[in-house]
1. Scan the stretch 103-124 and tell me whether some residue there is modelled with pLDDT of 90 or more, in contact with a strand residue (DSSP E or B) (Cβ under 9 Å, 6 or more places away or on another chain), closer than 30 Å to Ala197 by Cα and surrounded by fewer than 22 Cβ atoms within 10 Å (Cβ to Cβ).
2. Filter the stretch 188-209 down to the residues that are at pLDDT below 90 and of a type in the set (A, V, I, L, M, F, W, C) and list them by number.
Amino acid sequence: LILTLFLGGLAGAGAAVTSVQTISFAFSQRDDSSGFEGGGLTFLSARSLGGFGAGAFTKFDPSLGTLTNIFLSLEVNATLSLSVGADGLDENSLDDDPFSIQFQPALTSGGPPDFTPPRDLVRVAIVYLSSGPNIGLVVTSDEATIPNLGVTNGLAADFDFDFDVLDENTVTFGGFSNGDTTLTTGSIDPLAAGFDASDFVGVGTVTNGLTINSLVSLGVGPGSATSDNLDFPFLFADLSLEAGNVTLQYEFTPIPEPSSAALVLLAALGLVARRRVRS
């Protein structure tokens, strides 16, 4: 890795960073699923950042100094498509009976800790899961604004008795959506609990620990997905992530250069000599 910047006076007095490494993930990640009352809809897709696309990140060379931070960025251009539907009217309903179907995401939690409903969430993130014991660290995060969906007092004739899509919505999110070019950034602290130095420090490439995660968790809160007079109602979600780039950069405290260390030592010896002469 190429040293590009020193912060501070003499080498070793401040922090330094390596050059920025870039990986291109040249794929369109797409996942979909459906569910509704009694469990909701949850799915997770994880793609490793170890050795795919345009290559892999090189590990930090410990001969440069002590690793103090790992900076990461991600280009996110994601699309969430949602719809609600059903197989048809409930078997006990007549063709002209009204029906309803509603999905209202629980965006925040509330109430006593033991009764806090789970939060509905759609997110694209870089996640670090160390080789050692660790619950996982969300390093970067882009979250979708989840829309409400539904039909109240609907009539089958108004939908031509086609219940596959009763309501739908599509939202885009991420710093690179809608033509924007804003990177989503985050960092990993080597002093954090669960960090495993072998994941990033040494010879070779980073093959473990880093993934791009696409998470959809919807309708899991009590009452967020409801229906009336419908047979097998469902909530359908499709999450796609367009190709982009991921960057990594190491921050470290350099090992003092021999010449700098010698200068410091000579200065200290000179100060001691002066004090002896004066005394």
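The values are calculated or read from the model by the stated rules, or taken from the named source; none is laboratory data. If you're wondering where the values come from, they're calculated on a predicted model, not measured in any experiment. In this analysis, Cβ positions are derived from the backbone assuming ideal geometry, glycine residues included, and neighbour counts consider all displayed protein chains. Calculation scope for accessible area: heavy atoms of the full protein, side chains included, ligands and nucleic acids excluded. Shrake-Rupley method; radii C 1.70, N 1.55, O 1.52, S 1.80 Å.
1. Yes, some residue in the stretch 103-124 is modelled with pLDDT of 90 or more, in contact with a strand residue (DSSP E or B) (Cβ under 9 Å, 6 or more places away or on another chain), closer than 30 Å to Ala197 by Cα and surrounded by fewer than 22 Cβ atoms within 10 Å (Cβ to Cβ).
2. Ala192, Ala193
So that you can scan it fast, the table gives a plain yes or no per residue for (1) open to solvent by less than 20 Å² (accessible area, probe 1.4 Å); (2) modelled with pLDDT of 90 or more:
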{"position": "Ser19", "(1), (2)": "no, yes"}
{"position": "Thr22", "(1), (2)": "no, yes"}
{"position": "Thr42", "(1), (2)": "no, no"}
{"position": "Gly50", "(1), (2)": "no, no"}
{"position": "Thr58", "(1), (2)": "no, yes"}
{"position": "Gly65", "(1), (2)": "yes, yes"}
{"position": "Ser83", "(1), (2)": "yes, yes"}
{"position": "Asp96", "(1), (2)": "no, yes"}
